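Scroll down for the structure; my scribbles are underneath it.
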Amino acid sequence: MNIFASNLLAKRQEKRLTQAYMAFLSGMSQPNYSDIERGKTRPSIDQLKKFSEILETTADELLSDPKQRGSLRLDMSTDEQNQDQSALLKAIEDKDIYIKILETQLVILLKKSG
């Protein structure tokens, strides 16, 4: 199981949601969602965004290794990190650039983890 799949599973369980309910909210079949959560298939950018919304988290949190998260700024709380991320997203006016950044991060992280 890759980092993304592990994080997705952990967040879903933290929210006490079933795979079937996540699949329903995401607009996909349960087997399709299960394959993503087990690391057998990769999510699309749209699916990643949807998972983030449903689980009330960020794509970065789903994609990054929890052991390395916050390693640069240990003094920042999760709320402060989320505020910083929100400010950055607001500063990026062109959504296409943000999507390209996410696509690049997703490809890099999935290659590293799998």
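General observations
- Applying 0.36 nm per residue to the separation of Ile45 and Ala10 and subtracting their alpha-carbon distance, the gain on full extension is 10.6 nm.
- Taking other residues whose beta carbon is less than 10 angstrom from the beta carbon of Ser44, and scoring Lys, Arg as +1 and Asp, Glu as -1, yields +1.
- One chain, two ends: Gln19 and Ile99. Fully extended at 0.36 nm per residue, the span grows by 26.2 nm beyond their Cα-Cα distance.
- Report note on the peptides 49-56, 33-40: ranked by the mean count of other C-beta atoms within 10 Å, highest first, their order is 33-40, 49-56.
Each value in this text was obtained by applying a stated rule to the coordinates, not by laboratory testing. As the structure is a prediction and not an experimental result, all values here were calculated from the model. Backbone-built Cβ (ideal geometry, glycine too); neighbour counts: all protein chains shown.
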